[in-house]
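> I'd like to ask some things about the structure below.
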Amino acid sequence: MDIKGTEETGLPRKTMVTIACVVLALFQAHAQANRKNEIGLLLGATVTPGLEIAGSSSSSLRIGSGITFQLTYARQLATARSVALYFEVPALAIPLQNITASSGAVPANYDSFFVTPGLRVKVAPSARVSPWFSAGGGYALFDESANRIDGTHNTTRGTSGGAVQFGGGVDVRTPIKVLFPIGLRAEVRDLYTAKPNYNVSTGGGFQHNVVLSGGIILHF
């Protein structure tokens, strides 16, 4: 009787285990297929080319590089075998960029914040290494220092304006998973933005801010 009972209950147990494995596999496949969101946490540096002070051939304004913190959210809009289209919102904060200038009226430094929503095109999105390109536009905010280079108080603080962004980079898939799959990213972006208020004329109203950064990507 014991042997018969074991044989009678063995098939249902095996069936239940098989069903559980199939359900788990389908759930994992569904979760993988629906991971259309990304959060990027990146650290880098911003390089801003120097500017000439208008009216003087020998006067210049040099801007030091600044540590840059970046948070980027992206959502996959469409995908094909070899390309994927994303909507992305990169937000970049640069706490400090020092200024060296021949004029003492120039602010000693400034900090900045950029938000430039746009579109990203990723090539070979399912591959281990995927290059991508992006473009967008948005908002630039600058906070000039309280003191000028000559030590006097700076009364013109807080400047905002438009920003246009072009960039490219590469994403690398890894086997690392902590709650969510984690990938790696290296990128470069050029933010063509309004200028801080330098208290002197530097010609046109825009400047390049080239950002080189790298970090991790969370897929969910």
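> State all residues of the stretch 185-202 that are closer than 16 Å to Val115 by Cβ and open to solvent by 20 Å² or more (accessible area, probe 1.4 Å); if no residue qualifies, say none. Give the steps one after another, and end with the answer.
Going residue by residue through the stretch 185-202, those that are closer than 16 Å to Val115 by Cβ are 189-194.
Correct list: Asp190, Tyr192.
> Does the stretch 43-54 contain at least one residue that is over 22 Å from Gly118 (Cα atoms), open to solvent by 40 Å² or more (accessible area, probe 1.4 Å) and of a type in the set (Gly, Ala, Ser)?
yes
> Can we say Val188 is of a type outside the set (Asp, Glu), modelled with pLDDT of 95 or more and over 23 Å from Arg62 (Cα atoms)?
When the stated conditions are applied, Val188 does not pass them.
> Let me ask something additional. Need the failing condition index for Gly50 against (1) modelled with pLDDT under 95; (2) under 19 Å from Arg173 (Cβ atoms), just the number.
(2)
> Which count do you get for residues in the stretch 126-155 that are open to solvent by 40 Å² or more (accessible area, probe 1.4 Å), under 20 Å from Ser60 (Cβ atoms) and part of a strand (DSSP E or B)?
1
> Does the stretch 67-125 hold any residues that are at pLDDT 95 or above, part of a strand (DSSP E or B), more than 30 Å from Glu52 (Cα to Cα) and open to solvent by 40 Å² or more (accessible area, probe 1.4 Å), and which are they?
Residues satisfying the conditions are Leu71, Tyr73, Arg75, Leu77, Ala78, Val83, Leu85, Phe87, Val89, Leu119, Val121, Val123.
> Can Ala54 be described as in contact with a Phe, Trp or Tyr (Cβ under 9 Å, 6 or more places away or on another chain) and either part of a loop (DSSP other than H, G, I, E, B) or among the small types (Gly, Ala, Ser) (or both)? Before the answer, list the steps.
On the way: in contact with a Phe, Trp or Tyr (Cβ under 9 Å, 6 or more places away or on another chain): no; either part of a loop (DSSP other than H, G, I, E, B) or among the small types (Gly, Ala, Ser) (or both): yes.
Criteria not met by Ala54.
> Just checking, how many residues over the stretch 156-181 are more than 28 Å from Gly205 (Cβ to Cβ) and either in contact with a Leu (Cβ under 6 Å, 6 or more places away or on another chain) or outside any strand (DSSP E or B) (or both)?
7
The values are calculated or read from the model by the stated rules, or taken from the named source; none is laboratory data. On a predicted model such as this, the values are computed, not experimentally measured, just so you know. Reconstructed Cβ throughout: ideal geometry from the backbone, glycine too, with neighbour counts over all protein chains shown. Calculation scope for accessible area: heavy atoms of the full protein, side chains included, ligands and nucleic acids excluded. Shrake-Rupley method; radii C 1.70, N 1.55, O 1.52, S 1.80 Å.
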